[in-house]
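Working notes, beginning with the structure itself.
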Amino acid sequence: MIFRFRHTALLLVLLLTFSGCAARTGEVYAPEKTYSAFRSIYGNCNATGIRAKASLYYTAQGNGHRTTMTLWGEYASPLRLDVRAGIGAYIAHIHEDESGLTAFYPDQKTAYTHSSPVRAVQILGLPFPFSLKDLAGLISGCYPNLIPESYDTAVPENGNLRFTFDKGPVSAITLTGQGLPVEISGRGEIPWRMEMSSYEKDISSGKPLPDKIAVYTEQGDKALLRIKSRTFTAKPWQAEALELKLPEGSEEIRLDRNGYVKID
């Protein structure tokens with residue numbers, strides 16, 4: 001009787017162990033379902049525009065900078081971004097639309113423009129390696145430009161799933177079993193890696209959104225964004241609210257591959 005009891009108990013333990021492992025394996029490693037859920041949630045926008053405030057700490061060439069930023073406008077464009085040194089003076093006023101990106105630095109009384117927002121960001125050394133449109137999308141949980149239609153490989157990684165892509169600006173995306181992105185990596189002239197955390201469900205959009213976004217570049221630079229507030233808009237912004245008016249006497253410089261070109 002004792003042997004039979006022990007034998008039965010051992011079988012129960014083995015069954016529970018293997019069924020638990022199977023359940024966990026099935027929950028984690030379901031790539032098609034997980035990626036489909038991710039695309040469904042974060043590949044679509046529930047609004048047409050955004051206004052967000054955040055603290056931004058970034059390092060560049062070994063120096064650290066603490067700033068605050070306000071981002072507002074239309075996902076389709078235009079978008080505006082103001083960066084301040086804490087509660088002090090403005091560091092930069094940035095405008096992005098279909099024609100490109102313009103960054104005005106008040107201390108220099110100089111505006112720099114480029115037809116490619118991503119290229120402008122790289123040349124100017126701004127602390128994020130993508131356009132304002134993609135930054136707005138990441139903050140608000142709708143960034144179809146950063147979500148490839150299909151993946152090439154999917155492998156388990158620390159309880160999550162890592163999807164890789166052979167082509168395009170995004171090289172890898174790591175998702176939880178529920179389809180929440182925790183890391184996105186990109187290729188290009190300056191390869192980058194982004195970590196997204198501190199998710200909370202947003203009442204207005206119904207999506208889990210990250211309150212913390214950290215970006216690391218291959219050059220060793222880092223940007224840490226902590227979202228303080230975000231509101232979504234369904235009506236078009238007034239045109240004047242999105243304009244970037246340059247003070248009289250400001251210098252305008254066009255950036256291109258061959259150097260700087262002053263705009264007369």
- Filter segment 145-161 down to residues that are within 29 Å of ALA60 (Cα to Cα) and either in contact with a Ser or Thr (Cβ under 9 Å, 6 or more places away or on another chain) or open to solvent by 20 Å² or more (accessible area, probe 1.4 Å) (or both), then give me how many there are. 1
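Restricted to segment 181-193, and to residues that are aliphatic (A, V, I, L, M) and without any contact (Cβ under 8 Å) to a residue 40 or more places away in the chain, which residue is farthest from LYS212 (Cα to Cα)?
Step one: filter segment 181-193 for residues aliphatic (A, V, I, L, M), giving 182, 184, 190.
Of the ones still in play, those that are also without any contact (Cβ under 8 Å) to a residue 40 or more places away in the chain are 182, 184.
Details: VAL182: 10, ILE184: 14 Å.
Ranking the candidates gives ILE184 first.
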- Note on the structure: Pairing a residue in segment 154-170 that is in contact (Cβ under 8 Å) with a residue 40 or more places away in the chain with any residue that is open to solvent by 80 Å² or more (accessible area, probe 1.4 Å), where Cβ atoms lie under 6 Å and the two sit 6 or more apart in sequence or on different chains, gives PRO156/TYR29
- Message: Taking the criterion of being modelled with pLDDT under 95 and farther than 20 Å from VAL121 by Cβ, would at least one residue in segment 182-200 satisfy it?
- Response: yes
- Message: Cβ contacts < 8 Å: first residue under 21 Å from GLY249 (Cα atoms) and open to solvent by 30 Å² or more (accessible area, probe 1.4 Å), restricted to segment 108-125; second residue modelled with pLDDT of 90 or more and outside any strand (DSSP E or B), any location; separation 6+ or different chain. Result?
- Response: LYS109/PRO247; LYS109/GLY249; LYS109/SER250; TYR112/ALA120
- From GLU248, GLU195, grab the single residue that is in a strand (DSSP E or B), open to solvent by 60 Å² or more (accessible area, probe 1.4 Å) and over 19 Å from GLU96 (Cβ atoms). GLU195
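Mind checking whether some residue in segment 208-218 is open to solvent by 50 Å² or more (accessible area, probe 1.4 Å) and either of a type in the set (Asp, Glu) or in a loop (DSSP other than H, G, I, E, B) (or both)? Break it down into steps so the answer makes sense when it comes.
Step one: of segment 208-218, the residues open to solvent by 50 Å² or more (accessible area, probe 1.4 Å) are 212, 216, 218.
Subsequent filtering for residues that are either of a type in the set (Asp, Glu) or in a loop (DSSP other than H, G, I, E, B) (or both) retains 218.
Checking segment 208-218: at least one residue is open to solvent by 50 Å² or more (accessible area, probe 1.4 Å) and either of a type in the set (Asp, Glu) or in a loop (DSSP other than H, G, I, E, B) (or both).
Say we look at segment 42-95 and pick out the residues that are of a type in the set (Ser, Thr, Tyr) and assigned to a loop (DSSP other than H, G, I, E, B); which of these is modelled with the lowest pLDDT? Let's see the steps before the verdict.
Within segment 42-95, the first condition is being of a type in the set (Ser, Thr, Tyr), and the residues that meet it are 42, 48, 55, 57-59, 67-68, 70, 75, 77, 90.
If we keep only those that are assigned to a loop (DSSP other than H, G, I, E, B) as well, we get 48, 75, 77.
Details: THR48: 95, TYR75: 95, SER77: 91.
Once the filter is applied, the top-ranked residue is SER77.
The values are calculated or read from the model by the stated rules, or taken from the named source; none is laboratory data. On a predicted model such as this, the values are computed, not experimentally measured, just so you know. Don't worry about glycine lacking a Cβ; one is built from the backbone with ideal geometry, like all the others, and counts go over all protein chains shown. Heads up: the accessible areas ignore ligands, DNA and RNA and are worked out on the full protein's heavy atoms, side chains in. Shrake-Rupley method; radii C 1.70, N 1.55, O 1.52, S 1.80 Å.
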